[in-house]
Amino acid sequence: MVLIQKLLNITYTPNKQTTNIVYKDKDGQTIKTDKVDGKTDETIPVDPTKDVPAGWKIIPDQKIPETVKVTPDGVPTVVVKIEHKTITVTPETPEGDIPTGKVPGDPSKTYPAMESITKTPTRTITVIKPDGSKLEIKQTVEFTRTATNWRSNLQRLEVC
């Protein structure tokens, strides 16, 4: 009897896999989906806070995994529950913090320009003196209001 030995080299290459971080509103409607790539047997970090859709915030006190394990059978989808974020804009709000463009959740609406929050009308009072001469007095007043975006509808809350 002759025993023949052969050396067989097997190279393991992990499969590429993709999972999703799905942001859903209170009604279960998908607002945004982010893809996360990994390989079998790899642990993928999950940080949904960095990619929350504009105009939304993560609902507190939910259990969101910090990592997911990629298995040969796939990767579980991470569902993140979100709600509309309240944004209040006043004339003192720094320009970089003022939302612009389309209102999240209602692309038919656009955020108003900052000019619509503050108005400075001028009235002119003309006084006719007994001698017939005229005196013009100009008065200005500044009206300021606060705009709050809540549930994608821009509502005017206050006029001062």
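Which members of region 48-90 meet the condition of being part of a loop (DSSP other than H, G, I, E, B), more than 17 Å from I21 (Cα to Cα) and not polar (S, T, N, Q)?
G55, D61, P72, D73, K85 - these are the residues of region 48-90 that are part of a loop (DSSP other than H, G, I, E, B), more than 17 Å from I21 (Cα to Cα) and not polar (S, T, N, Q).
Residue by residue through region 20-33, note down the ones that are among the charged types (D, E, K, R) and either open to solvent by less than 30 Å² (accessible area, probe 1.4 Å) or part of a loop (DSSP other than H, G, I, E, B) (or both).
Those that are among the charged types (D, E, K, R) and either open to solvent by less than 30 Å² (accessible area, probe 1.4 Å) or part of a loop (DSSP other than H, G, I, E, B) (or both): D25, K26, D27.
Cβ-Cβ distance below 7 Å, separation of 6 or more or different chains: which pairs start in region 10-21 with a residue that is more than 11 Å from D34 (Cβ to Cβ) and end on one that is open to solvent by 100 Å² or more (accessible area, probe 1.4 Å)?
K16/D37
Select from region 91-125 the residues that are out of contact with any Asp or Glu (no Cβ under 9 Å at 6 or more places or on another chain), assigned to a strand (DSSP E or B) and either touching a residue at least 24 places away in the same chain (Cβ under 8 Å) or surrounded by 15 or more Cβ atoms within 10 Å (Cβ to Cβ) (or both) and list them in ascending order.
Those that are out of contact with any Asp or Glu (no Cβ under 9 Å at 6 or more places or on another chain), assigned to a strand (DSSP E or B) and either touching a residue at least 24 places away in the same chain (Cβ under 8 Å) or surrounded by 15 or more Cβ atoms within 10 Å (Cβ to Cβ) (or both): K102, V103, D106, K109.
Across region 84-97, what is the total count of residues that are among the charged types (D, E, K, R) and touching a strand residue (DSSP E or B) at 6+ places or on another chain (Cβ under 6 Å)?
Counting residues in region 84-97 that are among the charged types (D, E, K, R) and touching a strand residue (DSSP E or B) at 6+ places or on another chain (Cβ under 6 Å) gives 1.
The values are calculated or read from the model by the stated rules, or taken from the named source; none is laboratory data. Since the model is a prediction, treat every value here as computed from it, not as a measurement. Virtual Cβ from ideal backbone geometry, glycine too; neighbours counted across all protein chains shown. Just so you know, the surface numbers come from the protein's heavy atoms only, side chains and all, with ligands and any DNA or RNA stripped out. Shrake-Rupley method; radii C 1.70, N 1.55, O 1.52, S 1.80 Å.
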